[in-house]
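Everything on this sheet refers to the single structure shown next.
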Amino acid sequence: MRSVYLDSAATTQVRPEVIKEMTNVLEDSFGNPSSTHAFGRKAKAYMEKARKAIAKHLNVTAAEIIFTSGGTEADNLALNSAVRDLGVKRIITSKVEHHAVLYTVEQLKHCYDIQVEYVDIKPCGQVDLDQLEELLKQDSPKTLVSLMHINNEIGTILPLEKVGQMCKAHGALFHSDTVQSIGHFDIDLNALPVDFTAVSAHKFHGPKGVGFAYVRKNSGLKPLIFGGAQERGVRAGTESVHNIVGMQKALDLAYEHLEEEKQYIEQLKKDFINSLKENVPGVKFNGSCSDFNKSTYTLVNVCLPVVQEKAALLLFQLDLNGIACSKGSACQSGSTKGSHVLSQVLSDEDLEKPSIRFSFSAYNTKEELDYVVEVLRKFVVEHQ
């Protein structure tokens, strides 16, 4: 049986060079980076070198990079501190955000009685920017806008600069979950009017359990986790040096090979879409994921022309054929609920059909995708 991994939006294969770099650090330096002796200083040097390299890729200062356990913690850090410490009384977000944002906003509303507004999402998956402008124009208390850069289920791209300028014009803070974009797009955070972002290493071929928050200097953000004075007092806890160095190496390689890998993956996606259209009549592409101007090149969300009762059987059939993909976000593993993202963009008729997310990396091949299309074709023919 073939083995085809098409779930890179959930996590990516760690590059061999990253594993080697992490192993070197584990073998060479075991000191605590907060210790002042030689062992600690050596570990600290590894970590600060990584911080500077990461900051350089994004054109920000090293002091604006706060290492975390991943994107979820980075989102929580920004949102919680904005309300608790920065005087935010209203949050504008959308109902297609990652649950790291949605659930945190709900908790903040419960604990601090803040005002929450949800901007509408168009059927194409795009944020209604006209409505966002109207919401920002309202006479209201201090506001934070939290909208993700690239949707993790349908791949829709938010115009970061435009939204950031809107927020800036109305005195609102702007937080964006950039988990699906950092390492896949060339992003200059210094030039963008964004106050906080969240990043996870395992989305760009780095290790799991490590990420960072970009926190614009002089923002006044306070810690979510208390204890020691690590990360300039913003995030307590002994830093995972080998993971941080692994993340830096992964980001180095991501940007070193960005253009060639982007072109390669874009072609894979184009071929996959065209092949599905030719071989699976009635197939649909959710949101604007088939529009390369409005969606990331790294994923496609497909609605298949079979009844919803066959959805569980479809995933089972794909798995039996060695194909790894996702019904929705991997963060909802085991959930029986439908996708909260698709419920906002699909018609009632299409919600009755199974939708699958396929996400790609440079490790995939056209032959793999041809195989997947054939498995899908057979399934639709048998169950339509």
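The values are calculated or read from the model by the stated rules, or taken from the named source; none is laboratory data. Computed from a predicted model, the values in this text were never measured in an experiment. Methodologically, a virtual Cβ is constructed for each residue, glycine included, from the backbone with ideal geometry; neighbour enumeration extends over all protein chains shown. For the accessible areas, the whole protein counts, side chains as well, though only heavy atoms, and no ligand, DNA or RNA atoms are used. Shrake-Rupley method; radii C 1.70, N 1.55, O 1.52, S 1.80 Å.
Things to note:
- All conditions in (1) open to solvent by 20 Å² or more (accessible area, probe 1.4 Å); (2) in contact with a Leu (Cβ under 9 Å, 6 or more places away or on another chain); (3) modelled with pLDDT of 95 or more hold for PRO123, with the sole exception of (3).
- The range 122-167: number of residues that are in contact with a Gly (Cβ under 6 Å, 6 or more places away or on another chain) and aliphatic (A, V, I, L, M): 1
Yes/no matrix, rows are residues, columns are (1) modelled with pLDDT under 95; (2) within 30 Å of PRO354 (Cα to Cα); (3) over 17 Å from the mean Cα position of the chain (by Cα):
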position: VAL96; (1), (2), (3): no, yes, no
position: VAL116; (1), (2), (3): no, no, yes
position: VAL119; (1), (2), (3): no, yes, yes
position: LEU132; (1), (2), (3): no, no, yes
position: LEU136; (1), (2), (3): no, no, yes
position: LEU147; (1), (2), (3): no, yes, no
position: ASN152; (1), (2), (3): no, yes, no
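- Selection from the range 291-324 of residues that are open to solvent by 10 Å² or more (accessible area, probe 1.4 Å) and part of a strand (DSSP E or B): ALA324
- Taking the criterion of being in contact with a Cys (Cβ under 9 Å, 6 or more places away or on another chain) and not small (Gly, Ala, Ser), the residues of the range 274-305 that qualify are VAL283, LYS284, PHE285, ASN286, ASP291, LYS294, THR296, LEU299, VAL300, ASN301, VAL302.
- Flag set for GLU133, criterion: at negative phi, outside any strand (DSSP E or B) and open to solvent by 40 Å² or more (accessible area, probe 1.4 Å).
- Residue check, GLY164 touching a strand residue (DSSP E or B) at 6+ places or on another chain (Cβ under 8 Å) and closer than 20 Å to VAL302 by Cα: no
- The number of residues in the range 138-162 that are acidic (Asp, Glu) and either buried (at least 24 other Cβ atoms within 10 Å of the Cβ) or part of a loop (DSSP other than H, G, I, E, B) (or both) comes to 2.
- When residues of the range 226-268 are limited to those that are part of a helix (DSSP H, G or I) and in contact with a Leu (Cβ under 8 Å, 6 or more places away or on another chain), the one most open to solvent (accessible area, probe 1.4 Å): HIS242
- Of all residues in the range 315-333, those that are within 20 Å of the chain's Cα centre (by Cα) and at pLDDT below 90 total 7.
Conditions (1) surrounded by 22 or more Cβ atoms within 10 Å (Cβ to Cβ); (2) in contact with a strand residue (DSSP E or B) (Cβ under 7 Å, 6 or more places away or on another chain), marked per residue:
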| position | (1), (2) |
| --- | --- |
| MET1 | no, no |
| ALA10 | no, yes |
| VAL18 | yes, no |
| THR23 | no, no |
| TYR112 | no, no |
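- Here GLY209 does not qualify as in a loop (DSSP other than H, G, I, E, B), touching a Leu at 6+ places or on another chain (Cβ under 8 Å) and either open to solvent by less than 10 Å² (accessible area, probe 1.4 Å) or in contact (Cβ under 8 Å) with a residue 12 or more places away in the chain (or both).
- Test: GLU48 is loosely packed, with under 14 Cβ neighbours inside 10 Å, free of Cβ contacts under 8 Å to residues at least 24 places away in the same chain, within 26 Å of the chain's Cα centre (by Cα) and outside any loop (DSSP other than H, G, I, E, B): yes
- In the set (1) buried (at least 24 other Cβ atoms within 10 Å of the Cβ); (2) on the phi < 0 side of the Ramachandran plot; (3) under 21 Å from the mean Cα position of the chain (by Cα), ASN190 fails one condition alone, (1).
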